[in-house]
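Here's the structure we're looking at; comments come further down.
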Amino acid sequence: MKSLGRLRTALGERSDYDAVAQCSRCGYCEQACPTYKATGREAQSARGRNQIVRQFLEGKFEDPSSAEEALSTCLLCGACTTACPARVPTPDLVLEARREILGQPEWARRLLRHLLVVRPDLLAKAVRAGFALKRMGLAGLAAKTGLLRLLGLRALAEADAHVKETPERTLAEALREDASLRAGPDAAWSYFAACGTNFVFPRVGLASLRILHRVHGRGAFLDNPCCGLLAFNYGDLETARELARLNIQRWEDRRSDAPVFADCSSCAAFLKSYPQLFLRDPAWRERAEAFAARVKDIVEVEAPVRPGVLPGLVTLHDSCRARHGQGLFKEPRAAVKAAAAAFAEMECSDDCCGGAGLFAFKHPELSEELLRRKIGHAKAAGARTVCASGTSCLIQLARGLEKYYPEGRVVHWSEAVCEALDGSDG
Ligand code: SF4
Ligand code: SF4
């Protein structure tokens with residue numbers, strides 16, 4: 001079966017059709033949807049997308065591929081669900097329709113599974129090799145000469161242009177060597193290394209670990225594989241389930257009820273949503289529910305900070321999967337507001353920045369428009385520091401600030417809080 005078939009909604013568990021039938025076409029979500037605001041096109045709004053999904057489920061599509069643009073341009077940000085009186089789960093419905101209508105080549109699915117499940121060491125080697133080439137300027141050269149585009153690797157060319165940081169070691173490699181992070185009965189928490197933190201932003205992981213040590217004492221590294229979000233969004237439910245089982249098993253092996261912290265909001269939200277993967281599998285569903293109940297986004301930590309020590313005006317970009325995926329709004333603000341010399345909200349703080357995982361690479365023009373708007377709001381607020389909690393947001397906002405507002409900087413929530421941590425040497 002290509003899709004889940006059933007979804008968890010605010011009104012309880014529903015079939016895909018019953019979930020989409022909850023949309024009354026009222027339009028309350030229109031002004032919350034970033035792609036609708038940028039394009040003005042009904043097909044690129046939540047209401048339009050829900051109608052496409054409904055028509056598909058009713059068998060009214062003669063050519064389902066005509067829905068491709070509307071479905072593939074959805075950011076899966078969830079702003080529509082937050083704004084919707086019926087809390088229609090549009091991102092889940094869009095993903096279900098993508099799995100049924102769009103599909104993915106079998107070779108790509110096998111390769112993804114091989115790299116994420118069977119040989120994650122190969123993935124780490126491939127990323128390291130790519131970063132080494134980038135440091136030597138070769139990847140940039142291939143992108144600049146148009147070689148990657150000529151080879152049909154447009155998304156790779158875009159990715160190369162976006163990722164600026166190229167660490168020589170992964171975070172996991174460093175943490176495995178740290179004896180103080182080994183599992184044990186005295187570990188008060190576990191740390192889940194998200195792929196973005198692991199490969200691109202090890203510094204974010206180190207900041208998160210300092211906060212966790214300061215607030216909760218000793219903890220352990222989970223030494224986890226990918227959470228499965230990449231496979232899930234790519235349409236490969238089986239690989240997503242396989243990774244979910246591996247992560248749940250690893251947590252169970254610890255025989256500890258301690259919380260599991262993740263510092264990419266997209267991963268934290270996905271780990272919390274594991275039960276939805278197993279709605280038809282009672283045994284794994286129960287295990288997934290026990291695991292998901294222990295997962296925390298790092299922004300939920302109540303960190304003690306020295307007041308007013310973050311310089312300049314600070315603002316917060318709500319990463320979609322923190323705000324809309326987990327309903328976290330006050331939590332990320334508490335420590336940042338207390339630590340900032342001055343704090344101001346930016347307009348549309350919970351609009352997607354256009355990063356959205358691979359979206360920025362697949363839809364560069366639309367992504368750029370969303371980014372331009374986001375940076376415009378940060379600039380209008382007069383912010384010198386923008387805090388975010390999604391690793392995809394960090395990549396996207398760093399690029400946008402460099403281009404449209406070089407006076408500003410972006411930092412992960414953990415880095416900002418770590419900079420101001422009380423009882424630490426900063
Ligand atoms: S998704 Fe919700 S807010 Fe949007 S049109 Fe449907 S019912 Fe209304
Ligand atoms: S998930 Fe985001 S982009 Fe997709 S329809 Fe909802 S608000 Fe629009």
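Below is a table of values for the structure above.
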read-out	value
Hits in segment 208-223 - residues which are outside any helix (DSSP H, G or I) and either buried (at least 23 other Cβ atoms within 10 Å of the Cβ) or aliphatic (A, V, I, L, M) (or both)	GLY219, ALA220, LEU222
Residues (out of contact with any Gly (no Cβ under 9 Å at 6 or more places or on another chain), surrounded by fewer than 24 Cβ atoms within 10 Å (Cβ to Cβ) and not in a helix (DSSP H, G or I)) located in segment 175-200	GLU177, ASP178, ARG182, ALA183, GLY184, PRO185
Residue in segment 181-190 that is within 30 Å of ASP16 (Cβ to Cβ) and touching a residue at least 40 places away in the same chain (Cβ under 8 Å) present	no
Residue in segment 96-103 that is within 16 Å of ligand 1 (Cβ to nearest atom) and modelled with pLDDT under 95 present	yes
Evaluation of GLU168 against (1) surrounded by fewer than 18 Cβ atoms within 10 Å (Cβ to Cβ); (2) modelled with pLDDT under 70; (3) farther than 21 Å from GLY390 by Cβ (one fails), failing number	(2)
Some residue of segment 68-87 being assigned by TED's automatic domain parsing to the domain that holds CYS29, hydroxyl-bearing (Ser, Thr, Tyr) and within 14 Å of ligand 1 (Cβ to nearest atom)	yes
Residue selected from segment 53-70 under the condition away from ligand 2 (no atom under 11 Å from the Cβ) and of a type in the set (A, V, I, L, M, F, W, C), by the criterion modelled with the lowest pLDDT	PHE61
Any pair with Cβ under 6 angstrom, 6 or more apart, that starts in segment 363-379 at a residue that is at pLDDT 95 or above and ends at one that is among the charged types (D, E, K, R)	HIS377/GLU347
Among residues of segment 10-48, those that are of a type outside the set (Lys, Arg), under 16 Å from ALA97 (Cβ atoms) and within 25 Å of the chain's Cα centre (by Cα), counted	9
Any hit, segment 44-62, residues being of a type in the set (S, T, N, Q), surrounded by 15 or more Cβ atoms within 10 Å (Cβ to Cβ) and in contact with a Cys (Cβ under 7 Å, 6 or more places away or on another chain)	yes
Exclusive hit being over 26 Å from LEU111 (Cα atoms), surrounded by 21 or more Cβ atoms within 10 Å (Cβ to Cβ) and not assigned by TED's automatic domain parsing to the domain that holds GLY78, set ASP236, ASP253, ASP281, ASP263	ASP263
Test for SER72: is it of a type outside the set (A, V, I, L, M), in contact with a His (Cβ under 8 Å, 6 or more places away or on another chain) and farther than 20 Å from GLN326 by Cβ	yes
Qualifying position, being more than 16 Å from ligand 2 (Cβ to nearest atom), in contact (Cβ under 8 Å) with a residue 24 or more places away in the chain and crowded, with 24+ Cβ neighbours inside 10 Å, among ALA360, ALA322, ALA340, ALA344	ALA340
Residue pairs meeting the criteria (Cβ under 9 Å; at least 6 apart or on separate chains; first assigned to a loop (DSSP other than H, G, I, E, B), in segment 26-45; second more than 9 Å from ligand 2 (Cβ to nearest atom) and of a type in the set (S, T, N, Q))	SER45/THR39
Set GLU42, GLU30, GLU58: member being away from ligand 1 (no atom under 15 Å from the Cβ) and among the charged types (D, E, K, R)	GLU58
Residue in segment 395-418 that is within 25 Å of ARG41 (Cβ to Cβ) and out of contact with any Lys or Arg (no Cβ under 7 Å at 6 or more places or on another chain) present	yes
Helices (runs of 4 or more DSSP H) fully within segment 224-279 counting 3 or more residues that are over 19 Å from LEU75 (Cβ atoms)	237-253, 274-277
Residues located in segment 71-102, provided they are more than 9 Å from ligand 2 (Cβ to nearest atom) and either part of a helix (DSSP H, G or I) or without any contact (Cβ under 8 Å) to a residue 12 or more places away in the chain (or both)	LEU71, SER72, ASP92, LEU93, LEU95, GLU96, ALA97, ARG98, ARG99, GLU100, ILE101, LEU102
Hey, THR39 within 15 Å of ligand 2 (Cβ to nearest atom) and either modelled with pLDDT under 90 or under 22 Å from GLY390 (Cβ atoms) (or both) or not	no
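The values are calculated or read from the model by the stated rules, or taken from the named source; none is laboratory data. Keep in mind the model is a prediction, meaning the values are calculated, not measured. Every residue, glycine among them, receives a Cβ derived from its backbone with ideal geometry; neighbour counts consider all protein chains shown.
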